[in-house]
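See structure below.
The values are calculated or read from the model by the stated rules, or taken from the named source; none is laboratory data. This is a predicted model, so every value here is computed, not measured. So basically every Cβ, Gly included, is an ideal-geometry build from the backbone, and we count neighbours across all protein chains shown.
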Amino acid sequence: MSVRILVVDDEPRYLRLLEANLATEGYQVSTAMDGEEAVESFSSNPVDLILLDVMLPRMDGFTACQRIRQFSTVPIIMLTAKGEEHDRVRGLDVGADDYLVKPFSVMELLARVRAVLRRAQVAETGQDRFFTHENLRIDFARAELWLSEVPVYLSATEYRLLLQFTHNIGKVLSAEELLTSVWGPEYRDDKEILWVTIARLRQKVETDPHEPKHIVTRSGLGYLMPPIEG
């Protein structure tokens, strides 16, 4: 079954260009021209990946991303205008997995699509099915987690990042290691995407994000999930 991608952009020329290039690579493409249409389309016809422009009529891309994150962990790539750094950060902060800055090449688009889809396919590791770290509990088989028995919903990238800590409990992981293992070697120097994603992950899995117990910073070294004492 081919991978299904929803492309959301209000510029017909861009929409046709994206659709044509993705279809050439064998992806099954559907389109929407505003945020409300995107949310409605995805609700009735789920896809494997969403390319979501920031500037949209009726409902902008940030709001659409937030709405979708209320019920789905589908990978989302935000499309932002060149030089709008605050848009990129805000997109990651509302739950996007990655971003592309317009104008971008077809090769860059396809590389980002492949990378995000690859990250969404979380491989089994042979560990026990359940993992517990204080009040955090993970079911690896179902890719589900709970904080103090309350379900927590993560994006595919947030979940893969959390897995790096659970699989390396007690080990300090550098920013470069995390970026390479979660996003891919081409992201090795993109510290901003890591900082924003860790901050968002802490908001979801920590009782007090300002005093984290599951994802701890080791200044100048990296991050770790401390072993449980006793």
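Residue by residue through region 44-66, note down the ones that are more than 20 Å from GLY91 (Cα to Cα) and among the hydroxyl-bearing types (Ser, Thr, Tyr). If you could, list the steps in order and put the result at the bottom.
Let us first name the residues in region 44-66 that are more than 20 Å from GLY91 (Cα to Cα), namely 44-46.
Scanning region 44-66 gives a single hit, SER44.
Looking only at helices (runs of 4 or more DSSP H) that fall completely inside region 102-205, which ones have 3 or more residues that are in contact (Cβ under 8 Å) with a residue 60 or more places away in the chain and either on the phi < 0 side of the Ramachandran plot or outside the structural domain of LEU92 (by TED's automatic domain parsing) (or both)? Quick ask: steps written out before the conclusion?
Details: elements: 106-120, 156-167, 175-178, 191-205.
Filter on region 102-205 gives 106-120, 156-167, 191-205.
Yes or no: ILE50 outside any helix (DSSP H, G or I) and not small (Gly, Ala, Ser)? Let's see the steps before the verdict.
Details: outside any helix (DSSP H, G or I): yes; not small (Gly, Ala, Ser): yes.
It is true that ILE50 is outside any helix (DSSP H, G or I) and not small (Gly, Ala, Ser).
Report, by residue number, each residue of region 22-38 that is among the hydrophobic types (A, V, I, L, M, F, W, C), part of a helix (DSSP H, G or I) and surrounded by fewer than 23 Cβ atoms within 10 Å (Cβ to Cβ). It would help to see each step written out before you state the result.
Narrowing region 22-38 to residues among the hydrophobic types (A, V, I, L, M, F, W, C): 22-23, 29, 32-33, 38.
Of the ones still in play, those that are also part of a helix (DSSP H, G or I) are 22-23, 38.
Those that are among the hydrophobic types (A, V, I, L, M, F, W, C), part of a helix (DSSP H, G or I) and surrounded by fewer than 23 Cβ atoms within 10 Å (Cβ to Cβ): LEU22, ALA23.
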* Residue in region 60-71 that is among the basic types (Lys, Arg), surrounded by fewer than 19 Cβ atoms within 10 Å (Cβ to Cβ) and touching a residue at least 40 places away in the same chain (Cβ under 8 Å) present -> yes
* Scanning for something farther than 18 Å from PRO185 by Cβ and modelled with pLDDT of 90 or more, does region 112-132 turn up at least one residue? -> yes
